[in-house]
Amino acid sequence: MFDWFKKSQPRAAARQSSVSPDNIPQHVAIIMDGNGRWAKQRGLPRIAGHQSGMKTVKNITLAANELGIKYLTMYAFSTENWKRPKEEVDFLMRLPQEFLAIELDELIANNVQVRMMGWTDGLPAHTLEAVETAIESTKNNTGLVLNFALNYGSRREIVEAVRKIAEDVQAGIIDPKDLEDRHITERLLSSELPDPDLLIRTSGEIRISNFMLWQCAYTEFVFTDVYWPAYTKEHFYEAIRIYQQRVRRYGGLVT
């Protein structure tokens, strides 16, 4: 089995105490996958998996905050997810409202700052209102930044960044000969965040599904068979421990 694919199983060595405080990733991104399959295994409707997955969002957010991780980006809804059945999409659009109504006070108590990365067009008013309320209520918090990728797609993000660059070139603001990576990075939706150090995907799928394609150029990946509703703090600590065993060379050599 590939060394970057781990079938995460909770065990004593994966407890929080086994995570070194000296090599904590600054930014962790998570593709929360497997809600529907988790529900199907239990003879439940897909929406029951999404409902259960909300509890995992809370648990992993608090675990990340306890470890001192500064940014946690959760892939909540992609631009491609609109293709799903209307009933499921409608339910997914109610989840932010439900989650934040229940958990916002605890997020505030834990000094968590909520942000959103994505496009507001197409989002129902109740979804947008819930997210905007959470962002406003937590804007002065100085702990973990919980960044929801909602109605987000990386290809669209890159195309729009390139479009902005083209407009600046046309306006004489940028000389094409001076173009650098930073000109794209500065125009991405994640421009205020560092690139992810670690990306975790649950459910056994080994792909990143149009998620932060530019930003993940040198991100470490950890894939797990565990479905998102069953993903625990112990699984999360194990992913951090795996990350801490990696040597990040960024194309160079370790001296």
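Each reported figure results from applying straightforward, stated rules to the coordinates on display, with no laboratory input. These numbers come from a predicted model, not from an experiment. In this analysis, Cβ positions are derived from the backbone assuming ideal geometry, glycine residues included, and neighbour counts consider all displayed protein chains.
At an R0 of 30 angstrom, the distance between the Cβ atoms of LYS83 and LYS177 translates into a FRET efficiency of 0.15. Between TYR218 and SER191, the FRET efficiency estimated from the beta carbon spacing at R0 = 22 angstrom works out to 0.80.
Taken over the alpha carbons of the chain as equal point scatterers, the Debye sum produces base-10 log I(q)/I(0) values at 0.10, 0.13 Å⁻¹ of -0.51, -0.87.
What is the sum of charges, Lys and Arg at +1 and Asp and Glu at -1, for the other residues whose Cβ falls under 15 Å from the Cβ of ARG94? Taking every other residue near ARG94 into account, the sum is -3. Counting only DSSP H runs of at least 4 residues, each contributing -39500 (n - 2.57), and dividing by the residue count of the chain, the helix-based mean residue ellipticity at 222 nm comes to -13000 deg cm²/dmol.
What is the local net charge at THR133, summed over the other residues whose Cβ is closer than 14 Å to its Cβ (Lys, Arg +1; Asp, Glu -1)? For residues surrounding THR133, the net value is -4. Computed packing ranks the peptides 82-94, 19-31 as 19-31, 82-94, most packed first, by mean other Cβ atoms within 10 Å.
In percent, what relative contact order does the chain have, based on Cα pairs under 8 Å that are 6 or more apart in sequence?
With pairs under 8 Å counted, the relative contact order is 33 percent.
Extending 7 Å from Cα along the Cβ direction at ASP22 and again at GLN244 yields two label points whose distance is 1.0 nm.
Against the empirical 2.2 N^0.38 Å (N residues), segment 107-201 has a Cα radius of gyration ratio of 1.30.
The packing ranking, built from the mean of other Cβ atoms within 10 Å per residue, places the peptides 32-41, 153-162, 172-181 in the order 32-41, 153-162, 172-181, highest first.
For segment 151-191 and segment 95-144, what is the separation of their C-alpha centers, rounded to whole Å? Cα centroid of segment 151-191 versus Cα centroid of segment 95-144: 27 Å apart.
Close Lys pairs in segment 24-245 (alpha-carbon distance under 20 Å; sequence gap of 8 or more, or different chains): 10.
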